[in-house]
1. In the list E29, E16, which residue meets the criterion of being acidic (D, E) and surrounded by 11 or more Cβ atoms within 10 Å (Cβ to Cβ)?
2. What is the residue count in the range 12-41 for residues that are part of a helix (DSSP H, G or I) and among the aromatic types (F, W, Y)?
3. Are there any pairs, at least 6 apart or on different chains, whose C-beta atoms fall under 9 Å, with the first in the range 14-38 and at negative phi and polar (S, T, N, Q) and the second modelled with pLDDT of 90 or more and loosely packed, with under 13 Cβ neighbours inside 10 Å, and if so, which?
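The values are calculated or read from the model by the stated rules, or taken from the named source; none is laboratory data. What you are looking at is a predicted structure, and each value in this text was computed from that prediction instead of being measured. Cβ placement follows ideal geometry from the backbone for every residue including glycine, while neighbour counts extend to all protein chains displayed.
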Amino acid sequence: MGNNPSRFKDASRPIERVSWIKATEFCQELSEITGNLYCLPNESQ
């Protein structure tokens, strides 16, 4: 979905160094593209 801020660029590695704001923006974009609802878990989850 644009750039990869991760230091490790391998496809099998998770992305690190992502702010909460960028993660929620990603969830919103993914929700719009797929039509499903995606969000970050909260404390009770």
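1. Every option except E29 fails the conditions.
2. Matching residues across the range 12-41 total 2.
3. T24/C39; T24/L40; Q28/C39; S31/L37; S31/C39
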